[in-house]
1. By average Cβ neighbour count within 10 Å, what is the ranking of 73-79, 229-235 from highest down?
2. I'd like to compare 150-157, 14-21: which one has the highest average count of other Cβ atoms within 10 Å, and what's the full order after that?
3. Full extension from residue 102 to residue 255: what is 0.36 nm times the residue separation minus their Cα-Cα distance, to one decimal in nm?
4. Do the sum for the chain: with -39,500 (n - 2.57) for every DSSP H run of n ≥ 4, divided by all residues, what is the mean residue ellipticity at 222 nm, to the nearest 500 deg cm²/dmol?
5. Between residue 61 and residue 1, what length comes free when the chain is fully extended (0.36 nm per residue of separation minus the Cα-Cα distance, one decimal in nm)?
6. Let me see the P(r) profile for segment 183-239: every Cα-Cα distance counted, bins of 10 Å, each bin given as a percent of all pairs.
7. Could you grab the Rg to Rh ratio for segment 1-78? Cα atoms only, Kirkwood for Rh.
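FYI, it's all coordinate maths here, none of it is from the lab. Everything quoted here is computed from the prediction, not taken from an experiment. Cβ placement follows ideal geometry from the backbone for every residue including glycine, while neighbour counts extend to all protein chains displayed.
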């Protein structure tokens with residue numbers, strides 16, 4: 001068995017934007033359903049959603065047969081936590097609240113085996129190494145790890161050039177929601193000052209030779225951000241797909257609207 005190639009890391013070097021979906025529902029059936037939908041990547045969000053390490057692993061297992069890259073966002077960038085996330089099979093991590101280049105350098109060390117980093121060795125217990133059945137895993141793993149750091153405060157944006165320049169940081173993800181709050185426009189990521197900061201951030205990240213990303217569920221604005229330099233964009237959230245779809249379906253019947261055929265009828 002060979003070490004899986006990190007298709008997301010490869011995709012960042014391509015010409016096309018990478019469209020992704022956020023996962024917040026901890027039932028792995030949800031992950032399996034959306035894994036076959038055709039997205040370029042999926043993100044398992046254990047920062048805000050109720051994921052534990054075992055549910056994160058079950059999501060990785062459910063997604064794996066579909067070949068779509070999975071990103072894991074931990075609640076924080078602790079070295080021990082990142083080690084465990086990598087051991088269960090994540091190859092790409094998105095670490096929130098990276099405010100300085102020094103923090104970025106520490107994160108690089110946390111996700112890399114020595115001599116580049118300090119990731120602890122436990123491959124006989126690691127799903128990532130297929131429990132020691134991947135030849136040369138320890139020597140090859142670093143090359144397939146993709147580290148995305150998240151800039152989402154005024155401090156991070158002020159330090160963005162230095163953060164993006166850190167060797168071993170593959171991409172920088174700008175968080176519009178927290179950035180808007182940090183800039184004094186909480187709940188309004190579309191405020192012109194926030195949008196301007198994001199677009200300027202893309203320029204800085206791209207000039208450093210790194211990939212820029214963000215979450216934006218407004219289709220027109222998502223395409224606009226790609227035109228401004230975003231390489232990977234989260235365009236939906238599984239919880240919102242379910243809640244909005246359920247609400248729209250209920251309202252379509254309770255409002256007494258016209259009877260129409262839908263694709264749902266073919267599934268029953």
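1. Taking the mean over residues of other Cβ atoms within 10 Å, the ranking is 229-235, 73-79.
2. Ranked by mean Cβ neighbours within 10 Å, highest first: 150-157, 14-21.
3. This chain segment gains 49.5 nm when fully extended.
4. Result for the chain, helices only: -12000 deg cm²/dmol.
5. Taking 0.36 nm per residue and subtracting the Cα distance, the gain is 19.9 nm.
6. Pair shares across the bins are 23, 52, 24, 1.
7. Ratio of gyration radius to Kirkwood radius for segment 1-78: 0.96.
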